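Colleague: Dropping a structure here in structure tokens format, bear with me for questions.
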Amino acid sequence: MHPMLNIAVRAARNAGKILLRASEDLSKVDVQQKGTNDLVTNIDKEAEAAIRDTILRSYPDHCIVGEELGEHKGKDADYQWIVDPLDGTTNFIKGIPHYAVSIALKVKGRLDQAVIYDPIRGELFTASRGQGAQLNSKRLRVSKTNELAGSILATGFPFKQKHHLDAYSEAFKALFIHTADIRRAGSAALDMAYVAAGRVDGFFEIGLKPWDTAAGELLVKEAGGMVVDFAGGINYNQSGNIICGAPKLTQAIIREIRPVLTESLLR
């Protein structure tokens, strides 16, 4: 295992222990609202602090961008860690056992290492650039499904951007009539990890942040998949609008939804 991936795994496991311990008594979790339909807990912050401590103990000069604690500017700008300590906060608060720790590392602007850790199931998804993707050390590949017929897709509702609801609903309908089914589980990181593992065939969502998708992006690509924005380009880190899956299936998703999307979603 790459030494920096090893540290990412250690950091993810440390955060996972905090999440599991807190999940045993949710009455003690302090929930705050940081935006419209956007919740944060003291556990998110505690888990992110544990991740930072683990990384900086080994790499004190590296930079870190986290969802809750903001940016830590290290001396070495070539190395940037992208952290979501708890992807699926609402699930966690409600006691729904489906959430994950997501950690990615960019080296000179390119994704290099990725970890998505599901502490409930003990599932560790990892990827190193050029070395493939693994689940608990077993090699992952995206599904071989090339068309929407018979496919299972994952999605997330635009609950933070409800002004896109009409366009999203039209896109959902355009896909749903062709697929076997569409799932909405509440963690984009795990949705993308499941695409990499071939558990779902494709995924699409509006308005995500880089910490939601960075680790999943490398996992999907290293598992042989494609990651694009709604126009089929690579602007998803700026727009937050993302599609991923096996290459031919991803193209099929684009073909179906482009005609019903607003211009703002195709940028």
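Colleague: Taking the criterion of being in a strand (DSSP E or B) and open to solvent by 20 Å² or more (accessible area, probe 1.4 Å), would at least one residue in the range 153-167 satisfy it?
Modeller: no
Colleague: I'd like the residue in the range 229-267 that is within 17 Å of the chain's Cα centre (by Cα) and open to solvent by 10 Å² or more (accessible area, probe 1.4 Å) and, out of all such residues, is nearest to Lys106 (Cα to Cα).
Modeller: So the residue we want is Asn237.
Colleague: In addition: Go over the candidates Gly198, Gly186 one by one and state the one that is in a loop (DSSP other than H, G, I, E, B), in contact (Cβ under 8 Å) with a residue 60 or more places away in the chain, among the small types (Gly, Ala, Ser) and open to solvent by 10 Å² or more (accessible area, probe 1.4 Å).
Modeller: Gly186
Colleague: A further question follows. Can you tell me which residues in the range 106-122 are in contact (Cβ under 8 Å) with a residue 24 or more places away in the chain, charged (D, E, K, R) and in a strand (DSSP E or B)?
Modeller: Listed by number, the residues that qualify are Lys106, Asp112, Asp118.
Colleague: If you scan the range 201-218, which residues turn out to be open to solvent by 10 Å² or more (accessible area, probe 1.4 Å), touching an Asp or Glu at 6+ places or on another chain (Cβ under 8 Å) and outside any helix (DSSP H, G or I)?
Modeller: Residues satisfying the conditions are Glu205, Lys209.
Colleague: Let me ask you something else. Of everything in the range 19-32, what is in contact with a Leu (Cβ under 9 Å, 6 or more places away or on another chain) and either part of a helix (DSSP H, G or I) or open to solvent by less than 40 Å² (accessible area, probe 1.4 Å) (or both)? Give them in sequence order.
Modeller: Leu19
Colleague: Being over 16 Å from Ala50 (Cβ atoms), open to solvent by 40 Å² or more (accessible area, probe 1.4 Å) and in contact with a strand residue (DSSP E or B) (Cβ under 9 Å, 6 or more places away or on another chain) narrows it down to one of Lys73, Lys94, so name that one.
Modeller: So the residue among Lys73, Lys94 that is over 16 Å from Ala50 (Cβ atoms), open to solvent by 40 Å² or more (accessible area, probe 1.4 Å) and in contact with a strand residue (DSSP E or B) (Cβ under 9 Å, 6 or more places away or on another chain) is Lys73.
Colleague: Could you grab me the full set of residues in the range 194-218 that are acidic (Asp, Glu) and under 9 Å from the mean Cα position of the chain (by Cα)?
Modeller: Asp212, Glu217
Colleague: Kindly provide the set of residues from the range 33-75 that are among the hydrophobic types (A, V, I, L, M, F, W, C), assigned to a helix (DSSP H, G or I) and without any contact (Cβ under 8 Å) to a residue 40 or more places away in the chain, ordered by number.
Modeller: Matches in the range 33-75: Ala49, Ala50, Leu56.
Colleague: Pairs under 6 Å by beta carbon, first residue under 18 Å from Leu165 (Cβ atoms) in the range 246-265, partner open to solvent by 60 Å² or more (accessible area, probe 1.4 Å), six or more apart or different chains?
Modeller: Note: pairs meeting the criteria are Val260/Glu170.
Colleague: How many residues are open to solvent by 60 Å² or more (accessible area, probe 1.4 Å) and in contact with a Leu (Cβ under 6 Å, 6 or more places away or on another chain) if we restrict to the range 115-142?
Modeller: 1
The values are calculated or read from the model by the stated rules, or taken from the named source; none is laboratory data. Keep in mind it's a predicted model, so treat the numbers as computed, not measured. In this analysis, Cβ positions are derived from the backbone assuming ideal geometry, glycine residues included, and neighbour counts consider all displayed protein chains. Heavy atoms of the whole protein, side chains included, go into the accessibility calculation; ligands, DNA and RNA do not. Shrake-Rupley method; radii C 1.70, N 1.55, O 1.52, S 1.80 Å.
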